[in-house]
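Report on one structure; see the data block that follows.
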Amino acid sequence: MITFDNVNKRYESGQDALVRVSLELDRGELVFLTGHSGAGKSTLLKLLTAIERPTRGSILVAGQNLNRLRNSQVPYYRRNVGIVFQNHQLLFDRSVFDNVALPLAVAGCNRREVGRRVRAALDKVGLLHKERQNPIVLSGGEQQRVGIARAVVNKPAILVADEPTGNLDPQLSAEIMQLFADFNAVGVTVMIASHDLELIARQKRRVLTLQAGQLIYDGIPSREAAYP
Amino acid sequence: MGFRAVKQPTRNPGAAVRNQGRTPARQPAGADSRVRAAGAVTARTRTGDRLRGWTGHHREMAAEALRRFFAAPMASGMTALVIAIALALPAALQLGLVNFQRAVAGWDGQPQISVFLSKDARESAVTSYVDDLGEDPRVAAVTYISPEQALEEFQQSSGLGDALAGLGSNPLPAVLLVRPADGVTGELESLAAALRESALTDAVVLDMAWVERLARLTELGQRLSLGLGVLLALGVILVVVNTIRLHIESRREEILVVKLVGGTDAFVRRPFLYSGLCYGLFGGLLAWMLVTLGVALLSGPVAGLASSYGSGYRLEAPGLSYLLALTCGAALLGLTGAWLAVARHIRAIEPT
């Protein structure tokens, strides 16, 4: 599903964010991406969401080479990648419903279909009863769940999350992780960047560890082996 | 491989819902060819739905532009008023010009050709020549002034009666005053040439000076209003560019999110283009109201002035065609301004 082949990313400032990173993700996998801040987690996710382009090497997503993606094709590519942000990036000038409906409006979905899909997504994250509210009145955990609903409403094949539990307490974090596991269970490929090592350890999933832009660990950790 | 849900129906969560009642083969081929050419990325909505979604979005954005316009009535109103004032100036000048032309058209400003007849011309020949001219379609009226009449008129108007009386014989020739028919202004020269060719005529004088001056004056006015119009239209565009730029800045967050969930540049541009259109439309409407108000205020004094000259002339108010031209023109300017603003600023807002 996702293939990184010797990917290098050097920013204009001269900083090498990723150095010869190669990895492969199968369809329907759930992996954690971890490492210290500045290790290249965000850069990897930015490459995956076509926010940045690799300096060298190639990235294949579902058979599509991101290097050859024209700027005009980027929006269409992104419709197949759900993105969950640490600060959830909700718009506070509209209701929860309208926030979740945004990817569908962008894709030109008709109104009836929008209503159906948005409610299905909100139901999934357990916030159907709050669709009319403004997200600003919701708690942090609820806001994050709205963000997740928005990311999955378009039924993307890939779900990418950048520190989705960054600001949440352990119990809420576990709930959010369960949500990702649920989506993964129905076939969505999920990549979660996180530095919450305890939480990751409990999931017993494949972990990719980055250090100074290099991939230093790739596997399902037996214990603390993955965390230098 | 790929996002094509049908190929992996068991593993893709959306497959069952998404492909109800259709197969990819039945999807019109041209619809997503651009996307499909890139590889596995496919849009997941049917073409008909997308078209409906597209027109729906246009409707929504138009409605939203109106809503936003009235959500801040003071700010929007002031911008619209600036546009209105800028447009009302050339529009008023243009209207004044039209009224001026209408006013002078009513005056006896018709060109006139004076035909001085040869002294040797016989009375009978002159009479038949006058009859001939009367039948020419280019001629509206012919007035014959005999040498005696001409002398009398000259004595009266010049006050040189005594001096003229001292002359032995009448030095003045007979004159034909030819008034060309309406609408032959372009053929005046050829008419004058035809008159010149006659054996009876001594000299032909075309009283063109008045006509020409009027035409020049009108042209000058038109050029002025055109120049002013172009400059002020440019001003309107700049006002809209600046206003839309502020709109874009204030909705930066939203633009970023829309781009991250797959919004095309066209999708992001749309609300701002409608906002620009809105500013133009209301500006044009206000401009028309300003001009109408101005005409209403001036029509009293103008009618009074006209009646003092014994004319029933009335100032013409800007009609429906003015309303249409002003609002459409202004809306177009607003749209242009918005285009310039979004072309410059929306591309600069990219997620990082």
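Taking the mean number of other Cβ atoms within 10 Å as a proxy for protection, how do you rank B:212-224, A:154-166 from highest to lowest? Before the final figure, lay out the partial values.
Numbers: B:212-224: 12.6, A:154-166: 23.2.
Descending packing order for the listed peptides: A:154-166, B:212-224.
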Self-check item: Packing-based exposure ordering (other Cβ within 10 Å, fewest first) of A:109, B:328
Solution: B:328, A:109
Quiz item: How far is it, in nm, from the label point at residue B:213 to the one at residue B:297 when both lie 7 Å from their Cα along the line to the Cβ?
Solution: 3.2 nm
Practice problem: Above 16 angstrom, tally the Cα pairs of segment A:90-155 and express them as a % of all pairs, no decimals. | Solution: 33 percent
Self-check item: Spin-label pair residue A:26/residue A:178, simplified geometry with 7 Å Cα→Cβ offset, distance in nm
Solution: 2.7 nm
Exercise. With 10 Å bins from zero, work out the P(r) of segment A:1-106 over every alpha carbon pair and list the percent per bin.
Key: 12, 41, 33, 13, 1
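Give me the compactness ratio for segment B:201-317, meaning the Cα radius of gyration over 2.2 N^0.38 Å. Don't skip to the answer; put the middle values down first.
On the way: Rg = 25.2 Å, N = 117, 2.2 N^0.38 = 13.4 Å.
The reported ratio for this selection is 1.88.
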Quiz prompt | Neighbouring partner chain Cβ atoms per residue of A:145-158, average, 10 Å criterion | solution = 3
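Quick one: order B:336, B:243 by neighbouring beta-carbon count within 10 Å, fewest to most.
On the way: B:336 19, B:243 25.
Fewest-to-most Cβ neighbours within 10 Å comes out as B:336, B:243.
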Quiz item: When all alpha-carbon pairs of the protein assembly as shown are counted, what percent fall beyond 34 Å?
Solution: 60 percent
Quiz item: If r is the Cβ-Cβ distance from residue B:202 to residue B:289 and R0 is 56 Å, what FRET efficiency results, to the nearest 0.05?
Solution: 0.40
Practice problem: Please average, across the residues of A:59-71, the number of beta carbons from any other chain that are within 10 Å of each residue's own beta carbon, and give a whole number. | Solution: 3
Self-check item: Sorted by Cβ neighbour density within 10 Å, fewest at the top, the residues A:128, B:226
Solution: B:226, A:128
Self-check item: As computed over segment B:112-207, the Cα convex hull volume per residue (Å³)
Solution: 95 Å³
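Which pairs break 22 Å Cα to Cα here: A:41/A:124; A:46/A:130; A:46/A:204; A:9/A:204; A:155/B:259; A:46/B:259? Write down the numbers at each step before the final one.
On the way: A:41/A:124 28 Å; A:46/A:130 31 Å; A:46/A:204 25 Å; A:9/A:204 30 Å; A:155/B:259 17 Å; A:46/B:259 13 Å.
A:41/A:124; A:46/A:130; A:46/A:204; A:9/A:204, as the Cα separations exceed 22 Å there.
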Quiz item: In nm, to one decimal, how far is the residue B:78 label point from the residue A:56 one, both placed 7 Å along Cα→Cβ?
Solution: 5.7 nm
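Every read-out reported here was derived from the displayed coordinates using simple, explicitly stated rules and does not represent laboratory data. The structure presented is a predicted model; accordingly, all values stated were derived computationally and were not measured. As a convention, Cβ positions derive from the backbone with ideal geometry for all residues, glycine included, and neighbour counts pool all protein chains shown.
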